[in-house]
1. Which helices, taking whole DSSP H runs in the chain, have alpha carbons extending 24 angstrom or more along the helix axis plus mean Kyte-Doolittle at least 1.0?
2. Here are some values of semi-axes √(5λ) of the Cα gyration tensor in Å: [x] 20, 16, 15; [y] 35, 27, 12; [z] 47, 15, 12. Which one was computed from this structure?
3. Per the helix-only calculation at 222 nm, which mean residue ellipticity applies to the chain, given -39500 (n - 2.57) for every DSSP H run of n ≥ 4 and division by its residues, nearest 500 deg cm²/dmol?
4. Between Glu61 and Asp96, what is the label-to-label distance in nm when each label sits 7 Å out along the Cα-to-Cβ direction?
5. Would you work out the charge dipole size for the chain about its Cα centre, treating the Cβ of every Lys and Arg as +1 and the Cβ of every Asp and Glu as -1, and quote it to the nearest 20 debye?
6. Toward the positive end of the charge dipole of the chain, about the Cα centre and with charges on Cβ (Lys, Arg +1; Asp, Glu -1), which of Val17, Phe119, Gly31 goes farthest?
7. Within segment 1-99, which GluC sites (Glu not before Pro) sit in a loop by DSSP and count at most 15 neighbouring Cβ atoms inside 10 Å?
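Since every read-out is calculated from the coordinates, none of them should be taken as a lab result. No experiment lies behind these values; they were computed from the predicted model shown. For neighbour counting, all protein chains shown are included, and Cβ atoms are generated from backbone atoms with ideal geometry for every residue, glycine included.
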Amino acid sequence: MTEQDDRQSSKFWYGLVKRRVFESGRNSIAGLTSCFAHEEAFRIESIIGALLVPVAFWVSESIAESLLLITTIVLVLITELLNSAVEATVDRVGLDYHDLAKRAKDIGSAAVFLSLMLFIVIWGTLLVT
């Protein structure tokens, strides 16, 4: 393999990675936009989260505490995104009642509940101490 072949190969891989990163980013933005448009819980959690990020810096005594508080906000949003994806998939399969569909939706809801409980415990602990 010549030096010119190495450069062409590098350009090929660079272009491929660049294109994949761009497409992934575009799909991610579409997912966030769609969830914000169609899911009330995600809208509420996003707005509250955006308001709480500056509060996290104001109430914390260290950067580690700030990051912990912000991490709990992001965790709630991630969990809500995954729950919304499960709900959309179940609804796509069919709107008629099925025990497995109910179980899937309940499990997704439980995940959001646990992330919210973690959020409350961490924020509460850091605000009280």
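1. Going by DSSP H runs, the hits are 40-59, 63-93, 99-128.
2. Identified label for the calculated read-out: [y].
3. -32500 deg cm²/dmol
4. Here the modelled spin labels are 6.0 nm apart.
5. It works out to roughly 360 debye.
6. Val17
7. Glu61
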